[in-house]
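So the structure is just underneath, and the comments pick up after that.
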Amino acid sequence: MPQMNLAEALIDGLIWSLRADPRATIIGRGIAGHGPEHAAEDRLKQEFGSRIIDPPTSEAAVAQLGTGAAMAGARPFVHYGTAVFAYEAWNQFINEAANIHYMSNGQLSAPVTFHLFHGIRGGGGPQHSGSPYAMYANNPGLEIVLPTSPRDAKGLMRSAMASNNPTIVIQNAQLLGLTEDVPAEDYSIPFGKAVVKRDGRDVSVIACSRSVIDALEAADILEKEGLSVEVVDIRTLAPLDVDTIVASVEKTGRMVAVDETYEICGVASELIASVVTRAFSALKTQPVRVGRPMTPVPFSPPLEAAVNPGTQKIVDACRRACKR
Amino acid sequence: MAKPSHAERLELFRRMLHMRRFEEMVIRLAQAYEYTGRQHLHIGHEATGAAVAMAMRAGDKIHTTHRNHGYVIACGADPGRAFAEIMGRRDGLNGGKGGSWHLCDAERGFQSTSAMVGGSIALAAGAAFALKLAGSGNISFAHFGDGTLDEGVAYESLNIASIYELPVLFVCENNSKAGQRPSSMLAAARLQDVPAALQIHCELVDGADSDAAQIAFQKAADRVRETGKPVFIEATLERWPGSHQVKAAFPTGVTDLSLALNLDKVEGKHADWIKQSDPILRATRALIKDGVSDLVGLLEMDAKVNLLMEDARSFAEASPFPDASVAFTGVFAS
Ligand SMILES: Cc1ncc(C[n+]2csc(CCOP(=O)(O)OP(=O)(O)O)c2C)c(N)n1
Ligand SMILES: [Mg+2]
């Protein structure tokens, strides 16, 4: 099995998608980011150069170009680079792409994939550190995919491109270098299937995107204190696999929900609500929420660290949930 | 408008030197500290930035893009506090919360840096709206790159400024050219065709020619003040080879004014930029040729600016990082 980093795996998933479907087309450049992994994009350009366009800095129009093309039979993949640039395309994501299937009473659909890099990245400051997926999830009609490993990235990208719905693949750019063995052949990973990344007895950490990696690190630290932490990666926020989450909390009896979006109306809040409303009696202690506090992301390194829901905050939250 | 006096030309040059030596120090600081964040340096754009700043009066407002450092300095902000901000230190212009991309100094009318392409043009139209309402006779300045015209909001803002007769000077720094990956892709043959179609008066200027820029921006600002209507200036610029610094470096070397009179000595990959496009060397030659100063006089001025930047650096280095608790303050106005 070949080794791939996450950027290479995303590109591999895209390449299989373009091979499988002549309607698939790419709008955007820098799909593997602008960091050390950027060269992963070269393979895509070599094989499918004629199916790629590099658009002007016109995020709103480009979203609509992709959506309109999808409604008319194409399968566009639209890349945005830093997720905040897609704020310019808010109406196009939410009001057009997400609604069209419903409001046309099923006559039309918008099979477009939007690809974004989100998150606190070191020095991004207030305007370049946004993680908009909780805001996207607050709307019906969008599928939201958050890969955290190369294998998942490839298989989930394949499903995104095959999906008949508008799908947002939103990737924490800090994870692009993660490397593991990835099957060389074509495969898909279905949406709505969370995965238990680490088995544990005492507390369930339910997480997504970057926070999964932080949670695994926290679990290592806590193991040395004799605390056994289970880590669940939801993988897709919409659809959300509540069954797997509830099963984990029923097993451990304790819950920490952690995610990089804002605490208020954020992903962690929704994860807790989904458990409390379905399996309240499974909880032996109050669930703990870890998210971004309600402050813009400041530039200065110590200030940025203070708002980042990283490993240490997850460690503290697990101790609290376990009353340690 | 009368030709700028010798004193005005020297003042423009002094500001240009501040801008250049500031950016060079930013490169040195980045090499020394490996701090996070990206730098979009304003090197090569100094004649335009300084001419704009000199056309500003007390009470005027300016909004810029990510390529902001030069404007902040040209507007007279403290370079020590600007370095401190870029380094994320407590005494930075924004207390460390903004960084390079969001420097601002409201006291000097420097309203904000938006790092979103299309941000500054619309905000400056808003500033002009407020200034018009206030009736103070002040005007606003919108600084943006050619890339801004890719965004729909640019068209919308130009249109709004035209229909409501907003007193705003649109300053478009066009550093895009065929052959490089352009920073904009506009189907119109000239950037100006867009504002011109919206009935906005347009001017074109060589943005690296300090004399031409000084005259053009002063005239344009006067026109905005007199008519109360917007003006659009496109300043053409040759992109500086280090304009997108991934790794801090001096691709065209540290600026040496005496090269202005020794252009045949210039060699290397970027010789063309140094010989033809460096506004500092062009201005040095023009000032000497017109008898405004001699090389010794300009070198003396330069030495003073360098000392000032050394002091500013020391100030920034001595400034501590802010306390982490500061992260949670100031989300709302009181
Ligand atoms: C809304 C938005 N989209 C994309 C970007 C990424 N971006 C940063 S600088 C830049 C190019 C800007 O070109 P231009 O305005 O001409 O300025 P230059 O850097 O050439 O001076 C782009 C596309 C951004 N900052 N904001
Ligand atoms: Mg440009």
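The values are calculated or read from the model by the stated rules, or taken from the named source; none is laboratory data. Remember, it's a predicted structure, so these values are computed and weren't measured experimentally. Neighbour counts run over all protein chains shown; Cβ positions are idealised from the backbone, glycine included. Please note that ligands, DNA and RNA were not included when accessible areas were found on the heavy atoms of the full protein model with its side chains. Shrake-Rupley method; radii C 1.70, N 1.55, O 1.52, S 1.80 Å.
One table, with the values for the structure above:
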| quantity | calculated |
| --- | --- |
| Overall Cα dimensions of chain A - principal axes, largest extent first, Å | 58, 44, 40 |
| Antiparallel DSSP beta bridges within the protein assembly as shown, percent to nearest 5 | 15 percent |
| Cβ-Cβ FRET estimate between residue B:289 and residue B:189, R0 fixed at 41 Å, reported to 0.05 | 0.75 |
| Cα gyration tensor shape for the stretch B:156-303, rounded if a/c is under 1.5, else prolate or oblate | oblate |
| Cα-only radius of gyration and Dmax that characterise the stretch A:35-98, units Å | 13.1, 37 |
| Computed label-point distance, nm, for sites residue B:310 and residue B:267 using a 7 Å Cα→Cβ extension | 3.1 nm |
| Estimated FRET transfer efficiency (residue B:275, residue B:163; beta-carbon r; R0 35 Å; 0.05) | 0.20 |
| Distance histogram in 10 Å bins (all Cα pairs of the stretch A:124-180, percent per bin) | 21, 46, 30, 3 |
| Anisotropy class of the stretch A:3-181 from Cα gyration tensor, a/c 1.5 cut | oblate |
| Partner chain coverage, peptide A:57-68 - average Cβ within 10 angstrom | 3 |
| Accessible-area composition of the protein assembly as shown, carbon plus sulfur, in percent [1.4 Å probe] | 52 percent |
| Per-selection metrics, the stretch B:116-223 (Cα): Rg and Dmax in Å | 13.9, 46 |
| Span-like helix ranges in chain B, DSSP H, alpha carbon extent 20 angstrom or more, Kyte mean at least 1.0 | B:119-134 |
| Residue of A:49, A:226, A:30 that the Gaussian network model of chain A assigns the largest fluctuation, springs spanning Cα pairs under 10 Å | A:226 |
| Expected 222 nm ellipticity per residue - DSSP helices of 4 or more, -39500 (n - 2.57), all of chain B, to 500 | -13500 deg cm²/dmol |
| Quotient of C-alpha Rg and 2.2 N^0.38 Å, computed over the stretch B:216-273 | 1.74 |
| Relative compactness, the protein assembly as shown, computed as alpha-carbon Rg over 2.2 N^0.38 Å | 1.04 |
| Percentage of interatomic Cα-Cα distances in the stretch B:272-322 larger than 14 Å | 66 percent |
| Two-site label geometry, residue B:331 and residue B:134: point separation in nm, points 7 Å out along Cα→Cβ | 3.0 nm |
| Angle in degrees between helix A:242-252 and the longest Cα principal axis of chain A, rounded to the nearest 10 | 20 degrees |
| Residue with peak Gaussian network fluctuation, chain B [Cα springs, cutoff 10 Å], from B:142, B:30, B:51 | B:30 |
| Binned Cα-Cα distance frequencies in the stretch B:66-147 - 10 Å width, integer % | 19, 46, 29, 6 |
| Surface accessible to a 1.4 Å probe, per residue, for the residues of the stretch A:55-150, Å² | 33 Å² |
| Prolate/oblate/rounded call for the stretch B:83-128, Cα gyration tensor, a/c under 1.5 rounded | oblate |
| For chain B: span of alpha carbons on each principal axis (Å, largest first) | 55, 50, 39 |
| Folded to 0 to 90 degrees: helix A:59-71 orientation relative to chain A principal axis, Cα | 70 degrees |
| Volume per residue of the C-alpha convex hull in the stretch A:11-70, rounded to whole Å³ | 84 Å³ |
| Alpha-carbon centroids, the stretch A:175-207 and the stretch B:5-37: separation in whole Å | 49 Å |
| Extent along principal axes [Cα atoms of the stretch A:195-321; Å; largest to smallest] | 42, 34, 24 |
| Candidates B:116, B:309, B:25: whichever shows maximal mean-square fluctuation once chain B is modelled as a Gaussian network with Cα springs under 10 Å | B:116 |
| C-alpha long axis of helix A:6-20 to longest principal axis of chain A, angle in ° | 40 degrees |
| R0 of 22 Å, Cβ-Cβ distance residue B:258-residue B:11: FRET efficiency to nearest 0.05 | 0.50 |
